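This report concerns only the one structure given below.
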Amino acid sequence: MKTMNFTDLSVNIDKNGDISVQDINYTMTIEPKAPKLGVMLVGMGGNNGSTLLAGLLAHSKKLTWDNKSGNHSVKFYGSVSQFGSVHIGYDDENNAHSKLFKDIGVEDGWNMCSPEDLVIGGWDICSDNMYLAAKKAQVIDNNLLEQLKDDLEKYVPLPSIYNPDFIAKNQTTRADNTVKYLNLQLTLKHLVKDITDFKSQNNLDKVIILWTASTERFHKGNWSNAQDLMDALSNNNPEISPSILFAMAAAKSGCIFLNGSPQNTVCPAVINYAKTMGTFVGGEDFKTGQTKIKSVLVDWLVSGGIKPLSIVSYNHLGNNDGKNLSEAPQFESKEITKKNVIDDVVDENPILFDGDKPDHAVVIKYVPAVGDSKRALDEYYSEIFLNGKHTLVMHNTCEDSLLAVPIILDIILFADFFSRVKLNSKPFNTVLSYLSIFFKAPVINNGEPLINAFFRQYSGLENFFRILMGLPPLSQMFLIKRI
Ligand SMILES: NC(=O)c1ccc[n+]([C@@H]2O[C@H](COP(=O)([O-])OP(=O)(O)OC[C@H]3O[C@@H](n4cnc5c(N)ncnc54)[C@H](O)[C@@H]3O)[C@@H](O)[C@H]2O)c1
C-alpha cells in the first residue's frame, strides 16, 4: 500500500468576501496492485468501440503495417495517460525533467493499468462481429485491419437493450441484436448477469462499464435519489433509458460506470444509486476535438483580458454518429453538452462580462461523404481595445474515432486508478471528477466547483500525481530562480 502524507492549502471566502487560508493535512493511500481489469463497452460495434478494440489488439501484438507514408506501429498519441507528462523540475542547467503519467509508481508497484492489460467485451444492438464493424467504420488502415481479421472476428457483441424512443429512428435497421424490453426489473437482472458472466469467464478482479453507444435523447425523469429510481424501475417508467439501465446494472455489480455520450445519464438519482452501492461514475460526452479546443481558447482569450462576443461552431461528419445526431432530440443532447463548456470561464470574470455571456451557437450536419473524418469550423469574435474587433477562425479536420479512442483509454485507466485511492481512509466521492478533463460536460459531486478550462483541469491532475511522487504542487513562480 502506497501512503503519502501531505498538506494542502485551502482558500476560504466567507459571505462578506473575507479571505482566509487554512492548512489541511491529508494521508493518501493507493491500493498497490493494478487489478486484472475488464472493460465492457456499450456500443462495442460502433466506430469508437471497434477502433478501441482493434487499437488495443494491435498494440498488444506489437503489429506494424505499411501504407503510402511508410511503416507504422501503434502509438497512443492523444492519450494523457500514455504520452502526457508530469513536470518534476529544472536541473542546474535549467533542463526540464518530467515523467509520463503511465510511468509514475511503476517502480513501487502502484501504477495505473496498462493498455495491454485490458480485457474487452460488451454489447451492441447490431450483431456484426468486430471485424465487420471495424471494416464498416472505415477508420483503420486496411493493411492493419486484415492482420487483425481472425482476432476481431472472435469478438461478437452481446445483445443489448434497444428502445427506439431514445436513439434516432434512422438507427432501426442496425437493431438486429436486442434483448426484449418487456420488464425493466428483468432487463436489469439480465445485464447484471452479463457482467457477472464476463467477469468470471475472464477471471477478472474488476470491470468498468463504458457507454460509447449512440447518443440518446435526454430522459425527462425527475428522480432525485436512488429510491426514486428504484420505484421508477418497478413501475416500468418509460423515461428509464437504456443508458440508465446500464448505469444501474454497473452499480449493482459493483462496477464503475462512465458515460461518453452527451445524454443526461449520470443524473442525481444515478449518482445516488451508485453511492448506495459504493461504486463510482463519470461523464458526460468525450471531450475530443472542437470542444476541447474551445476549453483552451476561450480560457486563453479571457485570461488575456479579451472579451469574446460570439462563438459559432459548425461541424459536419458522415459516420453513424453523425447520422444519429441528424435527428432533433439527439442533436439537442449534443448541443447542450457542447454549449456548457465556456460557462466557468465566463463566470470567473464578471467584470469583463458584466452580466453578459458570449452568443454561442452550435450546428451539426450529417454529410455521409466525409465518413468518420469530422470537419469543424469555429469563429471566435471578440471585442478588444478601443472597441476594435478580433475574429479568429479555425478549421479542424480529424478522424473522430482516432481522437476519441486515446481519451477513452485515459478515462478507463484514470477511473480505475482514482477508484483505488483513499484520502484520510475514505474513497473519493461517487463522481470521479478528476476525469472532468476528458468530458465535454463534466458531472461533479455536490459542493464541488465545476471546471471546464482545459489547463486548470490538467493542472489538477498533474498536481495530484506530483503529490504522489512526494513533490509539492506546481506553482510556476520559480522564485528561487528570480533573485
Ligand atoms: N468519436 C468522437 O470523437 C466522439 C466524441 C464525443 C462523444 N462521442 C459519442 O460517442 C458515442 C459513440 O460514437 P461512435 O462514433 O462510436 O458512434 P457509432 O454510431 O459508430 O457507434 C454507436 C454504437 O452504439 C450502438 N448502440 C446504439 N444503441 C445501443 C444500445 N442501447 N446498446 C448497445 N449498443 C447500442 C450502435 O449500434 C453503434 O454500433 C456517440 O454518442 C458520440 O456522440 C464521440
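Figure legend: label point modelled 7 angstrom from the Cα of HIS395 along Cα→Cβ; residues of the range 317-331 with amide N under 19 Å from it are 317-318. Net charge dipole, the range 199-325: roughly 240 debye, given to the nearest 20, about the Cα centre with Cβ charges of +1 for Lys and Arg and -1 for Asp and Glu. With a simple spin-label model that places each label point 7 Å from the Cα along the Cα-to-Cβ direction, the separation between TRP300 and ASP343 comes to 2.5 nm.
Seen from a random direction on average, the alpha-carbon convex hull of the range 334-417 projects onto 8.1 square nanometres.
My understanding is that a pair violates if its Cα-Cα distance is over 32 Å; which of LYS15/LYS307; LYS33/LYS135; LYS68/LYS334; LYS36/LYS68 do that in this structure?
Values: LYS15/LYS307 28 Å; LYS33/LYS135 37 Å; LYS68/LYS334 36 Å; LYS36/LYS68 38 Å.
The answer is LYS33/LYS135; LYS68/LYS334; LYS36/LYS68.
The simple Förster model, with R0 at 22 Å and r as the Cβ-Cβ distance, assigns LYS426 and GLN22 a FRET efficiency of 0.70. Only helices at least 27 Å long along their own axis, judged from Cα atoms, and with Kyte-Doolittle mean hydropathy of -1.0 or greater: name those in the chain from DSSP H. Span-like helices in the chain: 400-419.
A Förster radius of 41 Å combined with the Cβ-Cβ distance from GLU239 to LEU352 puts the calculated FRET efficiency at roughly 0.55. Please state the shape class of the range 242-371: rounded when a/c is under 1.5, otherwise prolate if a/b exceeds b/c and oblate if not, all from the C-alpha gyration tensor. Here the range 242-371 falls in the oblate category. Projecting the Cα atoms of MET28, LEU56, ASN259 onto the charge dipole of the chain (Cβ charges, centred on the Cα centre) puts LEU56 farthest toward the positive pole.
Close amide H contacts of ILE88 (hydrogens built in the peptide plane, cut-off under 5 Å, sequence separation of 5 or more or a different chain): HIS97, SER98, LYS99. Inter-label distance, SER224 to ILE483: 5.4 nm, where each label sits 7 Å from its Cα along the C-beta direction. As a ratio to 2.2 N^0.38 Å, the alpha-carbon radius of gyration computed for the chain takes the value 0.99.
DSSP finds beta bridges in the chain, and of those with both partners inside it, around 60 percent are antiparallel.
We did not get these values from a lab; they are worked out from the coordinates using the rules stated. It should be emphasised that the depicted structure is a prediction, and the values quoted were computed from it without experimental measurement. Every residue, glycine as well, gets a Cβ built from its backbone with ideal geometry; the counts of neighbours run over all protein chains shown.
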